[in-house]
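Engineer: To start, I am sharing the structure in question, which I have written as structure tokens.
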Amino acid sequence: MIHLFINALAASAGGGLTYVKNVIPQVAARKDLRATVLVDSILRENLPKSQNVELMEVATPPGTGGRFWFEQRKLPAMIERSSADLLLSTGNFALWNSPVPQILLSRNALYTSADFIEDLRRRGDYRLWLDTELKGIFAKASVRGADAAVAPSAAFAEELRQCTGKPVIALHHGFDAAAFCSDQAPLPANVQEKIAGTAGCLRLLFVSHYNYYRNFETLIRALPALRDELGPREVRLLLTCQLSSDANPGSYRTESAAALVKELGVSRNVVELGFVAYGSLHQLYRACDIYVTAAYAESFAHPLVEAMSMGLPVVASDLAVHREICDEAAIYFPRFSPEQAAAAIARVAASAQMRQDMSAEGIRRSRNFSWREHVEGIVGLSLALLRKEGSSGTLESGS
């Protein structure tokens with residue numbers, strides 16, 4: 001039996017939280033795995049209890065830097081006390097002096113994105129620029145230093161290989177359609193009211209809190225051209241955030257996007273739903289017509305798989321990651337071209353047959369992503385590392 005020590009302290013939001021909440025139940029269901037999972041108090045409440053999964057709650061200093069130094073100082077002794085065979089680091093940064101072989105999950109595309117750095121410079125956000133550059137140095141060094149580095153897509157694995165010189169293993173993140181649709185509680189009343197106000201309109205959906213790399217501005221700039229393309233039919237872009245800095249996590253400033261909405265006269269066309277709980281998202285996808293994204297940096301993009309599973313046609317920026325995830329279930333446009341984004345959306349909106357074909361292909365495509373298969377890949381990699389380290393004597397026969 002393999003004993004994994006999983007450092008999940010970085011899983012506080014977004015893809016990291018989605019990852020841990022889906023992987024731990026898969027680990028718990030296996031008879032060939034034990035896991036000690038390092039979590040904070042919030043994550044602990046959202047994870048299932050199991051005989052073979054021990055949740056170890058710790059309090060860390062605030063901020064990425066505080067967590068990083070806590071891990072480097074305290075984690076080695078905690079791993080040794082647990083008698084774990086391997087360390088699975090889920091937060092982009094490796095443990096420099098790991099007492100056991102280490103698998104690093106690297107999933108932050110911002111550390112390799114020239115577009116993001118240029119965007120920060122253009123916006124004059126030099127503090128975030130410096131923060132990203134410094135974290136990028138540590139993240140790339142972590143890839144080089146880990147016993148094995150894993151990325152959630154082949155496209156991102158190749159990006160990491162090019163900037164670190166080290167081979168990186170691609171293991172797709174997964175998806176569980178049954179679990180995703182299990183919560184049947186209705187959407188909040190205020191969200192239902194906003195959706196009802198878009199009846200008869202072409203409903204475009206974009207699921208994300210506001211940040212720079214998801215490139216909200218290109219979608220906003222596409223709306224005037226799209227109104228012209230659609231003729232009398234009105235269009236609404238539904239956002240799962242508010243264009244208000246106080247209502248969004250992190251340090252991203254929304255003022256320029258909010259000003260752009262007013263400047264272009266598209267306030268009626270942008271519907272700010274605000275935060276929608278993950279368990280309710282399946283109902284939101286079903287209420288919309290097309291899923292759109294203009295992101296210029298991604299390592300996997302879970303909402304694309306979610307949208308495809310719900311039968312939504314996808315119109316996405318032309319990134320290698322997006323093509324890898326969606327294949328023929330999407331049509332693509334240059335990431336900084338609002339005109340071509342509008343043309344692509346209008347093309348899908350104009351053809352019922354195209355929407356039907358894309359919907360069917362998306363549902364089929366979404367079935368290619370499995371959390372069970374992802375964990376199977378982690379187990380296979382763990383066995384290979386243990387054999388390489390000569391540690392397989394800790395495993396039970398037949399495991």
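The values are calculated or read from the model by the stated rules, or taken from the named source; none is laboratory data. None of the values given here were measured: they were computed from a predicted structure. Note that each Cβ is placed from the backbone with ideal geometry, even for glycine, and that neighbours are counted across all protein chains shown.
Engineer: Of all residues in the stretch 170-225, count the ones that are surrounded by fewer than 19 Cβ atoms within 10 Å (Cβ to Cβ), in contact (Cβ under 8 Å) with a residue 12 or more places away in the chain, within 30 Å of Gln26 (Cβ to Cβ) and of a type in the set (A, V, I, L, M).
Structural biologist: Final tally of qualifying residues: 5.
Engineer: Separate question: With a cut-off of at least 1 residues that are of a type in the set (Lys, Arg) and farther than 25 Å from Ala301 by Cα, name the strands (runs of 3 or more DSSP E) lying wholly within the stretch 1-117. Give the steps one after another, and end with the answer.
Structural biologist: Numbers: elements: 2-7, 33-39, 53-57, 86-89, 102-105.
Hits in the stretch 1-117: 33-39.
Engineer: Got a sec? Which of Arg253, Arg286 is assigned by TED's automatic domain parsing to the domain that holds Asn215, free of Cβ contacts under 8 Å to residues at least 60 places away in the same chain and surrounded by fewer than 21 Cβ atoms within 10 Å (Cβ to Cβ)?
Structural biologist: Within the list Arg253, Arg286, the selection yields Arg286.
Engineer: Tally time: how many residues in the stretch 277-334 are closer than 16 Å to Asp357 by Cβ and assigned to a helix (DSSP H, G or I)?
Structural biologist: Total satisfying the criteria: 6.
Engineer: Does at least one position in the stretch 206-214 carry a residue that is among the aliphatic types (A, V, I, L, M), out of contact with any strand residue (DSSP E or B) (no Cβ under 9 Å at 6 or more places or on another chain), assigned by TED's automatic domain parsing to the domain that holds Met310 and closer than 27 Å to Met310 by Cβ?
Structural biologist: Within the stretch 206-214 (the criterion being among the aliphatic types (A, V, I, L, M), out of contact with any strand residue (DSSP E or B) (no Cβ under 9 Å at 6 or more places or on another chain), assigned by TED's automatic domain parsing to the domain that holds Met310 and closer than 27 Å to Met310 by Cβ), the answer is no, since none of the residues qualifies.
Engineer: With the condition kept exactly as written, say whether any residue in the stretch 150-165 is crowded, with 17+ Cβ neighbours inside 10 Å, assigned to a loop (DSSP other than H, G, I, E, B), on the phi < 0 side of the Ramachandran plot and in the same structural domain as Asn97 (by TED's automatic domain parsing).
Structural biologist: Within the stretch 150-165, one or more residues are crowded, with 17+ Cβ neighbours inside 10 Å, assigned to a loop (DSSP other than H, G, I, E, B), on the phi < 0 side of the Ramachandran plot and in the same structural domain as Asn97 (by TED's automatic domain parsing).
Engineer: In the stretch 197-237, how many residues are out of contact with any Phe, Trp or Tyr (no Cβ under 7 Å at 6 or more places or on another chain) and either of a type in the set (D, E, K, R) or not in a helix (DSSP H, G or I) (or both)? Spell out how you get there, then give the answer.
Structural biologist: To start, the set of residues in the stretch 197-237 that are out of contact with any Phe, Trp or Tyr (no Cβ under 7 Å at 6 or more places or on another chain) comprises 197-204, 206-209, 214, 217, 220-236.
Going one step further and asking which of them are either of a type in the set (D, E, K, R) or not in a helix (DSSP H, G or I) (or both), we end up with 197-204, 206-209, 214, 217, 221, 227-229, 231-236.
Within the stretch 197-237, residues that are out of contact with any Phe, Trp or Tyr (no Cβ under 7 Å at 6 or more places or on another chain) and either of a type in the set (D, E, K, R) or not in a helix (DSSP H, G or I) (or both) number 24.
Engineer: For residues in the stretch 224-238 being over 12 Å from Val266 (Cα atoms) and among the aliphatic types (A, V, I, L, M), which is nearest to the chain's Cα centre (by Cα)? Let's see the steps before the verdict.
Structural biologist: Residues of the stretch 224-238 that are over 12 Å from Val266 (Cα atoms), as a first pass: 228-233, 238.
Retained after the next criterion (residues that are among the aliphatic types (A, V, I, L, M)): 230, 238.
On the way: Leu230: 32, Leu238: 19 Å.
Restricting to residues being over 12 Å from Val266 (Cα atoms) and among the aliphatic types (A, V, I, L, M), the top hit is Leu238.
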